[in-house]
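The block underneath contains the structure these notes are about, expressed in structure tokens.
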Amino acid sequence: ELLEVREALEGTAAAAAARRGATIAAPRDEPQDDIERLVAHDLSFHDAIARASGNPVLASLVVELNGILEESRYAMFAIPGRRERSHLDHVRIAEAISGRDPEVAEQVMHEHISDTRVDVATLASEKGGN
């Protein structure tokens, strides 16, 4: 349920940031071998988009929700291929925002978090099946 809320909030934030003409730097290659730094970069990226939305209430909600979900990011980045997919999504999101394309920014953010929801469901079913 929290990821559904995150998807709605962050999609809205990405679209708003693009409409405002925000510039979000495309992430450099993230530290694939250092999970602590990878999670920190992920949180920082999503928080920056929320702040760039220009809506302090939205930003506060996203930051708080991402804090609640921080621990789940460690599990997500342990999934084979997830780190690379996440990085590519971040680049696409940053490009859409910086390109002032709110529809694409929102869509790519929705896809990014929807992919996370699928990964969570897969992890949950694997744990339940053991």
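Could you tell me which of rounded, prolate or oblate describes region 60-112, using a ≥ b ≥ c as the square roots of the eigenvalues of the alpha-carbon gyration tensor, with rounded for a/c under 1.5 and, failing that, prolate when a/b is larger than b/c and oblate otherwise?
On the way: a/c = 2.92, a/b = 1.34, b/c = 2.18.
Note, shape of region 60-112 comes out oblate.
Mind running the shape call on the chain? Use the C-alpha gyration tensor, a ≥ b ≥ c as the square roots of the eigenvalues: rounded below 1.5 for a/c, prolate if a/b tops b/c, oblate otherwise. Before the final figure, lay out the partial values.
On the way: a/c = 1.81, a/b = 1.52, b/c = 1.19.
Here the chain falls in the prolate category.
What number, rounded to the nearest 500 deg cm²/dmol, is the helix-based mean residue ellipticity at 222 nm of the chain, given -39500 (n - 2.57) per DSSP H run of at least four residues and division by all its residues? Present the calculation step by step, with values, prior to reporting the outcome.
Working: 6 runs with 101 residues, N = 130.
Here the helix-only value at 222 nm equals -26000 deg cm²/dmol.
Accessible surface area normalised per residue over the chain is 53 Å², counting heavy atoms of protein chains with a 1.4 Å rolling probe. Shape class of region 1-71 from the alpha-carbon gyration tensor: oblate, with a/c at 1.5 or above and b/c at least as large as a/b.
When the charge dipole of the chain is built from unit charges on Cβ atoms (+1 for Lys and Arg, -1 for Asp and Glu) and taken about the Cα centre, the candidate among Ser86, Ala40, Ala52 whose Cα reaches farthest toward its positive end is Ala52. Only Cα pairs under 8 Å and 6+ residues apart enter the sum, and on that basis the relative contact order of the chain stands at 42 percent.
Taken as entire DSSP H runs, the helices of the chain that both span 27 Å or more between Cα atoms along their own long axis and average -1.0 or more on the Kyte-Doolittle scale are 102-129. Excluding the site residues themselves, the longest part of the chain lacking any trypsin sites (Lys or Arg not before Pro) in a DSSP loop with at most 16 other Cβ atoms within 10 Å is 29-99.
The values are calculated or read from the model by the stated rules, or taken from the named source; none is laboratory data. Because the structure is a prediction, the values reported are computed rather than measured. When we count neighbours, we look across all protein chains shown, and the Cβ atoms used for this are built from the backbone with ideal geometry, even at glycine. Ligands, DNA and RNA are excluded from the accessible area calculation, which covers all protein heavy atoms including side chains. Shrake-Rupley method; radii C 1.70, N 1.55, O 1.52, S 1.80 Å.
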